[in-house]
1. Can you tell me how much longer the chain between residue 255 and residue 77 gets when fully stretched, taken as 0.36 nm per residue apart minus their C-alpha distance, in nm with one decimal?
2. Using amide H atoms built 1.01 Å from N in the peptide plane, name the residues 5+ places from residue 55, or on other chains, whose amide H lies under 5 Å from its own.
3. If you look at just the Cα atoms of region 187-227, how large are its Rg and its Dmax in Å?
4. Tally Lys and Arg at +1 and Asp and Glu at -1 over the other residues with C-beta under 12 Å from the C-beta of residue 217: what net charge comes out?
5. If the chain between residue 227 and residue 56 were fully stretched, how many nm would it gain, using 0.36 nm times the residue separation less the Cα-Cα distance?
6. Find how much the distance from residue 20 to residue 268 grows on full extension, using 0.36 nm per residue of separation minus their present alpha carbon separation; answer in nm with one decimal.
7. Which net charge results when you count Lys and Arg as +1 and Asp and Glu as -1 among the other residues whose beta-carbon is under 12 Å from that of residue 181?
Amino acid sequence: MNGITGPDNYLIGLFDGAGAFWLALVVALGVGALHAVAPGHGKSVTAAYLIGTHGRYRDALRLGVVVALMHTVSVLALALAWVGLSSAAAVGTEAVTAWLQVVAGVVVIGVGAHLTYRHFRNRRTHAHSHGHGHGHGHGHGHGHGHGHGHGHGHGHGQMDDPWSARGLTALALSGGLVPSPSAFIMLVSGLLTGRSLDAVVLVLAFGAGMAVTLTAVGVVTVRGAAVLSSHAPRVRLLRSVAAWTPALAGVAVAIGGCLYLATAVTALAS
């Protein structure tokens, strides 16, 4: 498979050799963290999603974990298929990876479209609620105060939660569906040599390293968004940027998905 780096080779060598397992475990954690720094793995999607949904630090942690878990599941599934099915070997991992990239690209486009749609829908809902409040404020002061408070909370409760299981699953697919070459090779080697448990533990450590990096990206994003929001009321340009940031984030995610999809289609056509 393509994409094998120096740290990847070192990790694979540790696993295949007689080196200490605990050393391989630490290296797997570090290689996973480095692997997540490389292009891909949903960092831009994660950052844009956090901005577009006004995410918090705990949301950044959740995103890092779900993407890493999906990557681990993807590695396990592909390795088991490779070892257990001759058809998988006949097709080749390059083609399988490209098709996984196609799926991930489509999911990313869907996430971006949903973020953009959600922003404009919320703006319309807010404008409607604001107009409704002014229309009833004079004649029904006490009664409207109670009714409006209830209606406002109910309206937002009906809106789909971007941090629901469905939203998190979409993000996990977008960032963790395509397995890393080193984790795949290591797991296949373990399955073929009777060291399946060791290989699975190392792949889990690899995923934990990815989660650390992705969570760090999310935390920096949330902090940056908070700084922008704190200065926005004092600067007119920043107010405009802050108001449209969720929509711009959604568009950016969709464009990234289109580029990802184009790359995958090009790989399949070559």
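Values in this text are rule-based calculations from the coordinates and carry no lab data. Since the structure is predicted, the reported quantities are computational estimates derived from the model, not experimental observations. Heads up, the Cβs are rebuilt from the backbone with ideal geometry, glycines too, and the neighbour counts pull from every protein chain shown.
1. Gain in length upon complete extension: 61.2 nm.
2. Answer set, sorted by chain and number: none.
3. Rg then Dmax for region 187-227, in Å: 16.2, 52.
4. +2
5. 60.3 nm
6. Extending this stretch completely gives an extra 85.3 nm.
7. Value of the local net charge: -2.
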